[in-house]
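Below: one structure, written as structure tokens.
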Ligand SMILES: CCCCCCCCCCC/C=C/C(=O)SCCNC(=O)CCNC(=O)[C@H](O)C(C)(C)COP(=O)(O)OP(=O)(O)OC[C@H]1O[C@@H](n2cnc3c(N)ncnc32)[C@H](O)[C@@H]1OP(=O)(O)O
């Protein structure tokens, strides 16, 4: 079986053994501490990036060589782009470790590398802060996200959907921010990653205003770009390497329900409901649910949800195997977070490798299903059935 991440990690360990004896101010660190930042790195979050570069100097604890290599690689990628220097010789261990780390980032865009650098430093700051003194909540929040609140504490990265007034409906910006957040969480020091919603809803699914923002290229262009966005979004969940937990604090609709089939644990408040009204919207299933739901709950129950839009209570979703455990709403947060904090202390590598063993053999299939579901939806979005359903939503809203 191809355990790609495992062999990559082994290679990393080999390099790290070679540099383990380096002092904190090793050559690995030098580029990360340089204050001069090339013009090519200029962009939206340049200020955050510069500030993160400065913050690395102020860390009280040596973050260890693995993290220093990550910082080095992200810094180089953010300022110079893809690795462009010849591979150092076999016995030049330190420079080879640095080169490997940079080269492993492939063609990661500079902007993403900057953001990941900022996120990594922010995670380091909050873990070093929490080990010395308690800081206000605002300090632990990740910068750079408008629609999410992201915090890292107790080895748990929490991604909270943060549009409570709109029931955490997912705008295109939100899909993109979630992808960035997952990318950052996959690389940070957390052991598990948690999704939840702010306010009374977990999420009301796709924000239907996504249908109203039509570009000059017309609705066809919008549908085409949206299908790519959807496919990329779901791919991030399929590929996510760490245990992924949904803390479903309230009702969940549409895509926020379907992707639960790609999560490793789903904890639900007894206030939560699970609703996929695709036919009502002239649409079809996504998030790989056309495959995961029949597999989880059997075809008969999957059909009730995905074709006929039957809304499940938390108890019903538990009985069908979509939900891991249901908690009374009054004690939901306390019970769930106590449980997750205990889980997050389990050995990180063992958990990640177990996830790979459990999930890897289906990955290729899931990617193919995701591509097919997205392709079909691209056509559906242009159908009269879908347009009429979206118009109905807005005319009902206008009458209120
Ligand atoms: C050309 C192609 C472009 C497509 C782009 C697609 C990109 C990827 C798509 C992936 C496929 C995903 C599919 C799905 O998720 S299908 C499910 C879609 N969701 C819904 O149909 C839910 C719609 N909302 C509702 O039915 C109700 O709002 C709800 C039952 C959730 C709550 O009702 P309640 O009465 O309690 O609250 P309000 O309706 O007053 O809501 C408060 C405000 O929030 C707005 N809102 C809520 N949900 C949505 C939503 N999904 N889209 C847009 N707006 C939403 C609601 O309108 C209220 O706003 P105002 O205060 O301004 O009135």
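The values are calculated or read from the model by the stated rules, or taken from the named source; none is laboratory data. As the structure is a computational prediction, the values presented were derived from the model and not from experiment. Heads up, the Cβs are rebuilt from the backbone with ideal geometry, glycines too, and the neighbour counts pull from every protein chain shown.
Table: residues versus (1) assigned to a strand (DSSP E or B); (2) on the phi > 0 side of the Ramachandran plot.
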residue	(1), (2)
160	yes, no
168	no, yes
177	no, no
181	no, no
185	no, no
190	no, no
195	yes, no
Worksheet item: When you look at residue 326, is it part of a strand (DSSP E or B) and either at pLDDT below 95 or within 30 Å of residue 154 (Cα to Cα) (or both), yes or no?
Response: yes
Discussion item. Quick test for you: out of 225, 210, pick the one residue that is within 13 Å of the ligand (Cβ to nearest atom), surrounded by fewer than 18 Cβ atoms within 10 Å (Cβ to Cβ) and modelled with pLDDT of 95 or more.
Written reply: 225
Practice prompt. Please indicate, with yes or no, whether at least one residue in the stretch 383-393 is surrounded by fewer than 17 Cβ atoms within 10 Å (Cβ to Cβ), under 30 Å from residue 270 (Cα atoms) and touching a residue at least 40 places away in the same chain (Cβ under 8 Å).
Written response: yes
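Evaluate the following for residue 223: is it in a strand (DSSP E or B) and either touching a helix residue (DSSP H, G or I) at 6+ places or on another chain (Cβ under 7 Å) or on the phi > 0 side of the Ramachandran plot (or both)?
Values: in a strand (DSSP E or B): no; either touching a helix residue (DSSP H, G or I) at 6+ places or on another chain (Cβ under 7 Å) or on the phi > 0 side of the Ramachandran plot (or both): yes.
Taking the combined requirement at face value, the residue does not satisfy it.
Results for (1) in the same structural domain as residue 161 (by the TED database); (2) more than 21 Å from residue 315 (Cβ to Cβ); (3) surrounded by fewer than 19 Cβ atoms within 10 Å (Cβ to Cβ), shown as yes or no for each residue.
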| site | (1), (2), (3) |
| --- | --- |
| 232 | yes, yes, yes |
| 238 | yes, yes, no |
| 260 | yes, no, no |
| 274 | yes, no, no |
Worksheet item: Somewhere in the stretch 266-279, is a residue within 20 Å of residue 226 (Cα to Cα) and part of a helix (DSSP H, G or I)?
Response: yes
Discussion item. Can you confirm whether residue 198 is within 10 Å of the ligand (Cβ to nearest atom) and touching a strand residue (DSSP E or B) at 6+ places or on another chain (Cβ under 6 Å)?
Written reply: no
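Kindly indicate which of 376, 369 is under 16 Å from residue 261 (Cα atoms) and within 16 Å of the ligand (Cβ to nearest atom).
On the way: 376 fails: under 16 Å from residue 261 (Cα atoms).
Just one listed residue meets the conditions, 369.
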Worksheet item: Can you tell which of 44, 82, 73 is in contact with a helix residue (DSSP H, G or I) (Cβ under 6 Å, 6 or more places away or on another chain) and either more than 24 Å from residue 239 (Cβ to Cβ) or at pLDDT 75 or above (or both)?
Response: 73
